[in-house]
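A.B. asks: Below is one structure. I have some questions about it.
The values are calculated or read from the model by the stated rules, or taken from the named source; none is laboratory data. Everything numeric in this text was worked out from a predicted model, so none of it was measured. Quick reminder, even Gly has a Cβ in these numbers, built from the backbone with ideal geometry, and neighbours come from all protein chains shown. These area figures cover heavy atoms from the full protein model, side chains too; ligands, DNA and RNA do not enter into them. Shrake-Rupley method; radii C 1.70, N 1.55, O 1.52, S 1.80 Å.
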Protein chains: 4
Amino acid sequence: MVKHRLEAFSDGVLAIIITIMVLELNVPHGSSLKDLAHLIPSFINYMLSFIYLAIYWNNHHHMFQIIKKIDGRVLLTNGLLLFWLSLVPFATAWSGETHFAKIPVMLYGIILLLAGFSYQLLTQSLIALCENEELSTAINKDAKGKISIVLYAVALPICYVNQHISLVIYLLVAIMWIIPDKRIEKIFSQTK
Amino acid sequence: MVKHRLEAFSDGVLAIIITIMVLELNVPHGSSLKDLAHLIPSFINYMLSFIYLAIYWNNHHHMFQIIKKIDGRVLLTNGLLLFWLSLVPFATAWSGETHFAKIPVMLYGIILLLAGFSYQLLTQSLIALCENEELSTAINKDAKGKISIVLYAVALPICYVNQHISLVIYLLVAIMWIIPDKRIEKIFSQTK
Amino acid sequence: MVKHRLEAFSDGVLAIIITIMVLELNVPHGSSLKDLAHLIPSFINYMLSFIYLAIYWNNHHHMFQIIKKIDGRVLLTNGLLLFWLSLVPFATAWSGETHFAKIPVMLYGIILLLAGFSYQLLTQSLIALCENEELSTAINKDAKGKISIVLYAVALPICYVNQHISLVIYLLVAIMWIIPDKRIEKIFSQTK
Amino acid sequence: MVKHRLEAFSDGVLAIIITIMVLELNVPHGSSLKDLAHLIPSFINYMLSFIYLAIYWNNHHHMFQIIKKIDGRVLLTNGLLLFWLSLVPFATAWSGETHFAKIPVMLYGIILLLAGFSYQLLTQSLIALCENEELSTAINKDAKGKISIVLYAVALPICYVNQHISLVIYLLVAIMWIIPDKRIEKIFSQTK
């Protein structure tokens with residue numbers, strides 16, 4: 001089974017998800033600064049989701065460069081990842097439009113958690129197909145992925161108390177991914 | 001005539017269909033769990049259509065890897081398939097938003113039937129261009145395709161009695177396609 | 001200047017236009033057959049536009065296979081063609097939703113005319129870059145293109161009398177393009 | 001790090017942005033010429049944004065042909081550019097629908113300014129990776145980019161007086177980019 005086809009399809013789907021998200025930014029009926037200000041939460045959430053999807057594209061593409069072949073399990077876990085990521089525009093819109101209400105922010109966090117978990121499943125299914133040397137590289141990346149999932153899981157119950165803290169956690173996870181690998185790994189190894 | 005161009009175009013169209021479908025998931029105005037619960041049928045149908053389109057992409061790509069050249073008939077039957085599949089987001093949205101009302105579920109089934117039938121026509125037009133060995137492989141795949149069409153056709157009149165049974169049939173067809181080929185062929189050969 | 005980049009971009013834009021058009025098919029609020037019947041004009045126009053865009057993709061790709069290099073003029077005329085084609089989903093939606101009212105059908109015809117005219121400009125700019133043998137092939141295709149433009153131009157004033165006749169003409173042009181080249185050329189040479 | 005992947009992703013995102021913009025052109029409920037006339041500002045802004053995005057695609061692709069490798073900084077600045085460009089459909093729709101009201105036209109200008117500035121950052125990050133000869137070519141292009149940014153910055157305060165003058169400036173910038181490089185460079189070197 002050729003990996004190139006899955007890579008091209010996933011890249012296409014991620015490019016479309018990241019772009020159509022703007023269609024959920026409802027154009028205000030009025031034309032005042034106040035009308036625009038009303039969209040600030042939607043805009044913040046749009047920016048956060050844009051960063052997340054860009055990171056997923058980057059990591060996905062990076063991981064697929066290591067491997068050479070795929071199997072049915074990779075197809076399924078990859079499909080699962082794309083499914084949860086395809087719901088990001090919906091969750092982003094709901095969370096933004098309700099000005100970060102509790103339930104929408106929780107849904108956003110659940111989608112991030114499920115996408116993160118699916119990415120782990122995809123990583124595992126790729127490791128099962130990989131040679132030794134690449135395997136270790138993949139596991140190194142795993143570290144960040146596992147930290148993200150823990151942070152998503154922690155952010156969920158925090159929503160009951162204050163959903164804005166959860167949003168800050170989601171933002172911190174995104175920032176953690178933007179910072180180049182080596183630096184962040186040092187920080188976390190010092191914390192432990 | 002080069003097959004690569006048709007493959008890339010079809011892949012692009014399928015990636016876009018599967019992704020824009022989320023835009024039909026209407027963002028609720030409220031922010032309560034009840035508002036979200038109201039979307040459950042839409043979400044279930046979204047998931048079902050996502051699986052269907054992912055399977056079509058997979059089978060389409062798989063089938064085109066076998067063949068080497070295309071002709072005008074392939075262009076037409078492929079176009080017909082893409083046309084019916086392009087209506088899946090519409091049928092999905094209507095069926096989900098009306099909470100699986102009779103007529104919308106029937107329309108969804110008709111679109112699935114027409115897409116399945118177009119795929120058969122495409123298969124036939126590709127077999128006509130193929131060598132012997134590949135032909136047999138293609139016919140093997142045909143089995144699943146024909147079973148799907150029969151199940152779609154059976155599900156249609158059942159809608160009059162209870163459209164939820166039809167939905168379960170659509171789900172079973174999708175599951176049949178996810179299960180790897182050999183296992184499902186055994187099950188069906190035992191049933192016969 | 002590499003032609004491949006322009007080809008890939010144009011293919012992408014055409015695949016997106018043909019696919020997002022379904023988002024303009026408004027999902028009915030009700031769930032009866034009557035609600036669906038109300039969408040029949042929209043559906044007919046959707047189908048017509050789908051055929052047109054598929055033909056444009058086919059012809060565009062075919063023409064670019066002949067040529068080897070592009071220049072600034074090709075970039076401009078190609079951009080002009082994509083611009084008019086990008087308006088097809090809008091014109092299709094307006095024409096369908098107003099159940100083929102006079103002005104919307106006229107606008108649809110004007111967009112088809114401008115797209116057809118831009119395609120002629122693109123053809124001319126490609127001929128200017130081409131060698132002798134390919135030039136003649138390109139001019140052969142020109143025949144159909146010129147007939148289309150004449151038919152679009154004829155259909156416009158007919159809208160004042162009866163816009164449904166214009167729609168039939170648009171449909172005839174689409175059918176003319178689907179029929180393989182040699183046959184249609186015979187018919188038109190016999191008519192002359 | 002392979003540049004091809006970033007190029008394909010950026011091309012895909014730009015093709016999608018330029019195409020989904022038409023979905024923001026709201027289909028009128030009526031079917032009269034007056035209903036269509038009401039959309040003229042939206043249409044003008046759509047056309048302007050279409051030209052801008054086509055130019056960005058052209059320049060982006062052109063610039064990436066010169067370079068051979070990319071780094072993390074290129075990934076970030078490229079992501080920043082795509083982020084601002086992804087907001088063009090939103091700003092275009094708001095500006096057009098409010099018939100070029102002050103605040104929406106300002107927002108449109110701010111987005112253009114931020115996109116132009118991000119493009120400069122991308123250029124700088126690419127120059128840092130480039131050899132001598134290509135560097136000079138890139139700096140030559142820089143001229144147009146810097147003029148654009150100055151004009152965007154000038155257009156912003158002018159919005160307070162008359163936003164239509166700002167729109168004319170945006171149009172002039174677009175025209176400046178369409179005119180082949182050598183000619184425009186002559187004009188500006190004569191002005192200095």
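A.B. asks: Just to be sure I understand: if you take the accessible area of chain A alone plus chain D alone and subtract the pair, with a 1.4 Å probe, what total do you get in Å², rounded to 100?
C.D. replies: Summed over both sides, the interface buries about 2400 Å².
A.B. asks: Roughly speaking, what is the centre-to-centre gap between segment D:9-26 and segment C:32-58 when only Cα atoms are used, to the nearest Å?
C.D. replies: 22 Å
A.B. asks: Sort C:2-13, B:113-124 for me by packing, meaning the mean count of neighbouring Cβ atoms within 10 Å per residue, highest on top. Write down the numbers at each step before the final one.
C.D. replies: Details: C:2-13: 18.2, B:113-124: 19.9.
Final packing ranking: B:113-124, C:2-13.
A.B. asks: Can you give me the convex hull volume of the Cα atoms of the protein assembly as shown, divided per residue and expressed in Å³? Could you put the intermediate results ahead of the total?
C.D. replies: Numbers: hull volume 149.8 nm³, N = 768.
Measuring per residue, one finds 195 Å³ for the Cα hull of the protein assembly as shown.
A.B. asks: Show that you can apply the helix-only estimate: for chain A, add -39,500 (n - 2.57) for every DSSP H stretch of four or more residues, divide by all residues, and state [θ] at 222 nm to the nearest 500.
C.D. replies: Counting only the DSSP helices, I get -27500 deg cm²/dmol.
A.B. asks: Output, in nm with one decimal and in ascending order, the distances from the D:L75 label point to the matching label points of the other copies (7 Å from Cα along Cα-to-Cβ).
C.D. replies: Label point to label point, same position, other copies: 3.0, 3.0, 4.2 nm.
A.B. asks: Right, another one. How large is the accessible surface per residue of chain A, computed with a 1.4 Å probe and reported in Å² as a whole number?
C.D. replies: 43 Å²
A.B. asks: Let me ask something additional. Which order, highest average first, do B:76-89, D:31-44, D:83-96 follow once you tally other Cβ atoms within 10 Å for each residue and take the mean per peptide?
C.D. replies: Most protected by this proxy first, the peptides run D:83-96, B:76-89, D:31-44.
A.B. asks: Please compute the Kirkwood hydrodynamic radius of segment C:4-191 from all pairs of different C-alpha atoms, in Å with one decimal.
C.D. replies: The Cα-based Kirkwood calculation yields 17.4 Å.
A.B. asks: Determine the share of segment B:4-191's accessible area contributed by carbon and sulfur atoms, expressed in whole percent, with a 1.4 angstrom probe.
C.D. replies: Ligands and nucleic acids excluded, carbon and sulfur give 69 percent.
A.B. asks: With +1 assigned to the C-beta of every Lys and Arg and -1 to the C-beta of every Asp and Glu, and no other charges, what is the dipole magnitude of the protein assembly as shown about the Cα centre in debye, to the nearest 20?
C.D. replies: 340 debye
A.B. asks: Over the alpha-carbon set of segment B:7-86, divide Rg by the Kirkwood Rh and report the Rg/Rh ratio to two decimals.
C.D. replies: Numbers: Rg = 16.7 Å, Rh = 14.6 Å.
Here the Rg-to-Rh quotient is 1.14.
A.B. asks: Quick check on my link table: of B:K69/D:K3; A:K3/B:K146; C:K3/C:K146; C:K3/D:K68; A:K68/B:K69; A:K68/D:K3, which ones sit more than 23 Å apart, alpha carbon to alpha carbon?
C.D. replies: With Cα atoms farther than 23 Å apart: B:K69/D:K3; A:K3/B:K146; C:K3/C:K146; A:K68/B:K69.
A.B. asks: Moving on to the next point. Is any helix in chain C, taking whole DSSP H runs, at least 18 angstrom long along its axis by alpha carbon and on average at least -0.5 on the Kyte-Doolittle scale, and which ones?
C.D. replies: Helices passing the filter in chain C: C:3-20, C:40-66, C:72-86, C:102-127, C:132-161, C:163-178.
A.B. asks: How high is the FRET efficiency from A:N26 to A:V154, r the C-beta distance, R0 30 Å, rounded to 0.05? Before the final figure, lay out the partial values.
C.D. replies: Working: r = 32 Å, r/R0 = 1.05.
Using R0 = 30 Å, I get an efficiency of 0.40.
A.B. asks: Using a simple charge model, +1 on the beta-carbon of Lys and Arg, -1 on the beta-carbon of Asp and Glu, nothing else, what dipole does chain D show about its Cα centre, in debye to the nearest 20?
C.D. replies: Approximately 320 debye in magnitude.
A.B. asks: Could you work out, residue by residue across D:102-109, how many beta carbons of other chains sit within 10 Å of that residue's beta carbon, and then give the average as an integer?
C.D. replies: That average works out to 3.
A.B. asks: Based on the alpha-carbon gyration tensor of segment C:1-53, what equivalent-ellipsoid semi-axes (square roots of 5 times the eigenvalues) come out, in whole Å, largest first? Before the final figure, lay out the partial values.
C.D. replies: On the way: eigenvalues 230, 22, 4 Å².
Calculated on Cα positions only, the semi-axes equal 34, 10, 5 Å.
A.B. asks: If you don't mind, there's one more thing I want to ask. In peptide C:57-66, what is the residue-averaged number of other protein chain Cβ atoms found within 10 Å of each Cβ? Each step should come with its number before you reach the end.
C.D. replies: Working: counts 5, 6, 0, 0, 5, 2, 0, 1, 3, 0.
Average neighbour count from other chains, rounded to a whole number: 2.
A.B. asks: How far, in nm, would the chain grow between A:K34 and A:L129 when pulled straight, counting 0.36 nm per residue and subtracting the alpha carbon separation?
C.D. replies: 28.7 nm
A.B. asks: Moving on. Quantify how strongly other chains surround peptide A:29-38 by giving the mean number of their Cβ atoms within 10 Å of each of its Cβ atoms.
C.D. replies: 4
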